[in-house]
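**Q** Provided herewith is a single structure, encoded as structure tokens, for subsequent inquiry.
Read the figures in this text as sums done on the coordinates, not as results from a lab. It should be emphasised that the depicted structure is a prediction, and the values quoted were computed from it without experimental measurement. A quick note on method: Cβ atoms are made from the backbone with ideal geometry, for glycine too, and the neighbour counts reach across all protein chains shown.
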Amino acid sequence: MRFALLVGVSEVWGRVGHWFAGLPTYKQVLLAVATTMFVVELILRRFARGTPLYKKWTAFFEGIGAFWSAIILSLVYFMKLLGKDLLDRRLKAEPSFWRTHEPNPLGPLAAARHQF
């Protein structure tokens, strides 16, 4: 027997709206800003690729990327300089390199739902 999932567009928008309304305010703002920037980027890429506006838009975000790249690389460099190994890459002679972990005190179902 063949099953078909028929969901109306209004029902999907209702679910998305309900999900969005349940988010905290700061997440709503961040999601709205990110979505707006994504849509503006797509529009500029499609309709205004060679214009000065697109060049300024691209230069702005390349500047932000260069700034944060420098910050992250500086942190990695200073951690290396201080002898910290953030990735725990030391490999001593061990019978196994398997790392044990503490089980979730809330149980395996909670651990599966809240992995991060």
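**Q** Rounded, prolate or oblate: pick one for the chain, where a ≥ b ≥ c are the square roots of the eigenvalues of its C-alpha gyration tensor, a/c under 1.5 means rounded, and failing that, prolate if a/b is larger than b/c, else oblate.
**A** oblate
**Q** On to the next question. Measure out, as a whole number of angstrom, how far apart the alpha-carbon centroids of the stretch 1-76 and the stretch 92-113 sit.
**A** Each part reduced to its Cα centre gives a spacing of 35 Å.
**Q** Each residue of the stretch 72-80 in turn: what ³J(HN,Hα) in whole Hz from Karplus with 6.51, -1.76, 1.60 and θ = phi - 60°, glycine and Pro shown as x?
**A** Calculated HN-Hα couplings, in order: 5, 5, 5, 4, 4, 5, 5, 5, 5 Hz.
**Q** Once phi is turned into ³J(HN,Hα) by the Karplus curve 6.51 cos²θ - 1.76 cosθ + 1.60 with θ = phi - 60°, what whole-Hz value does each residue of the stretch 92-98 show in order, with x for glycine and proline?
**A** 8, 5, 10, x, 8, 9, 5
**Q** Rounded to the nearest 20 Debye, what is the dipole magnitude of the chain about its Cα centre when Lys and Arg each give +1 and Asp and Glu each give -1 at the C-beta?
**A** So the magnitude is around 300 debye.
**Q** While we're here: Rounded to the nearest 500 deg cm²/dmol, what is the calculated helix-only ellipticity per residue at 222 nm for the chain, with -39500 (n - 2.57) per DSSP H run of length n ≥ 4?
**A** Theoretical 222 nm ellipticity from helices: -21000 deg cm²/dmol.
**Q** Using the charge dipole of the chain (Lys, Arg: +1 at Cβ; Asp, Glu: -1 at Cβ; taken about the Cα centre), state which of Ala32, Phe97, Ala48 has its Cα farthest towards the positive end.
**A** Ala48
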